[in-house]
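Here's the structure we're looking at; comments come further down.
The values are calculated or read from the model by the stated rules, or taken from the named source; none is laboratory data. Note that the structure is predicted; figures quoted are calculated from it, not measured. Virtual Cβ from ideal backbone geometry, glycine too; neighbours counted across all protein chains shown.
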Ligand SMILES: N[C@@H](CCC=O)C(=O)O
């Protein structure tokens, strides 16, 4: 059935056509059946509304919080933000789910199949060009990035859903059995849900991160409450409507909009058995303490790239560097934050090529655009602090974007690279400054000579977030050396290595931290959303010649 021409929409289009211009009819004909907004139509004079979903229904709240259009500062989306006094239904809803979950290998196993079916339907819908276009454009409105980057996010989400069709959800909960010591004894290892869980996700991937995590949680039998950064929660609100249309039971998950303080209160009162947090290290550490460690994290990434001694494919590598550092205006947790360049690259023209590529980026197509969590002043101030380090210099960028109406609360900076000498980076007064993650179009570049690889590795060792990394070389001994002495969770190795753009088939997540979460793959889902339970069956018979042993 075409979701675009549902009877409901044809009827509403016909009704509208009696009183409104043709453009309006065409808008409705092109709005997917589940949708309550049209990405292109949202504006100050036609604001969109985002609701909450709890205990099976959509709800408003006493308070509307306005989100401004990142491109012109107009108030364009109203969020029904739940206040501290309004969390009771959410607390009650989570409490309804027992610790053993909505399903598990010994309870309601048919729900694994149901989730296979829901994923198949959702994958099919999201694969319709009009629907992927709808989500790509909606993402662009709230988390400005180029159409291609926004569409890539939708495609990753669509492929992920395809991966968990049919029997693939039940295969996630595959158990094992080990023979016991005597007749009737065997141990079975099960993947067990946590039951009530919470998911908190950031602004930079409005669809990919919350969708993949929420589906993983549901697949394994948990009941999640999901909170997405209000700046972009409209995208997941619309996705939830799509999921309901694909058969997601209304009671299986809740969706809340609130500020951080209210969410913290909800977490403390509802006491979810596991919380997945994706976002800044500061909030991650606070939550880890508040929730007494019942948390998994995908936090900051000061992600590094090392160019090895073998210089080749300079044009290609310059392009990958440009994408890694500046696509989505550098607002990916995987973005290249520092580039360690072997001296052999100095005369290759790589930096010039990177500069030229960075200059192709423009606000009109959002290949560079607003920075949602760092202001222009803060980025400039950081750059100026770096420039006080002896030997440092601006390689390119360093200036605010021009001719725009991006509101002052957001940042607007040209793609920027600052060179800092390696010996200076390692000095204790400088190290923290240089490795401070700037969630914007900003990278540090440095150079090392043959005998300075130790210093490069020392710098990587001293960093405290280990998310993505790239070792750009086809020298197997160089690769082995660097890979064997580093820890980043998602590391690309080889001449085509990158730091960003992990699709659903690459585990994505930090390493080196027992709280580290993953996203995307079956291993990530099992690790984050289930725990191990072992049931040891010991049904006998008791041997006929059994006699009471002496006390031990
Ligand atoms: N796929 C994205 C990351 C998604 C985050 O969890 C990237 O590779 O930058």
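Computed values, structure above
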quantity	calculated
Yes/no for residue 170 being in contact with a strand residue (DSSP E or B) (Cβ under 9 Å, 6 or more places away or on another chain) and either crowded, with 18+ Cβ neighbours inside 10 Å or assigned by the TED database to the domain that holds residue 240 (or both)	no
Pairs, first not assigned by the TED database to the domain that holds residue 417 in the range 375-391, second surrounded by 14 or more Cβ atoms within 10 Å (Cβ to Cβ) and in a helix (DSSP H, G or I), C-beta under 6 Å, six or more apart	none
Single match in 315, 324 (criterion: within 15 Å of residue 491 (Cβ to Cβ) and either touching a strand residue (DSSP E or B) at 6+ places or on another chain (Cβ under 7 Å) or away from the ligand (no atom under 16 Å from the Cβ) (or both))	324
Qualifying positions in the range 287-300 - in contact (Cβ under 8 Å) with a residue 12 or more places away in the chain and either in a helix (DSSP H, G or I) or in contact with a helix residue (DSSP H, G or I) (Cβ under 7 Å, 6 or more places away or on another chain) (or both)	287, 288, 290, 291, 295, 296, 297, 299, 300
Conditions (1) in a loop (DSSP other than H, G, I, E, B); (2) within 16 Å of the ligand (Cβ to nearest atom); (3) farther than 24 Å from residue 329 by Cβ: number failed by residue 161	(1)
Elements of type strands (runs of 3 or more DSSP E) contained in the range 438-552, each with 3 or more residues being at pLDDT below 95, within 16 Å of the ligand (Cβ to nearest atom) and not assigned by the TED database to the domain that holds residue 155	none
Restricting the range 194-208 to residues that are in a loop (DSSP other than H, G, I, E, B) and in contact with a strand residue (DSSP E or B) (Cβ under 6 Å, 6 or more places away or on another chain), the residue that is farthest from the ligand (Cβ to nearest atom)	194
Test: residue 73 is modelled with pLDDT of 95 or more, part of a loop (DSSP other than H, G, I, E, B) and more than 16 Å from residue 224 (Cα to Cα)	yes
Residue 146 being surrounded by fewer than 24 Cβ atoms within 10 Å (Cβ to Cβ), in contact (Cβ under 8 Å) with a residue 12 or more places away in the chain and within 16 Å of the ligand (Cβ to nearest atom)	yes
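Each row is one residue, and each column tells you yes or no for (1) touching a residue at least 40 places away in the same chain (Cβ under 8 Å); (2) assigned by the TED database to the domain that holds residue 374; (3) in a helix (DSSP H, G or I).
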residue: 319; (1), (2), (3): no, yes, yes
residue: 323; (1), (2), (3): yes, yes, yes
residue: 333; (1), (2), (3): yes, yes, no
residue: 337; (1), (2), (3): yes, yes, no
residue: 341; (1), (2), (3): yes, yes, no
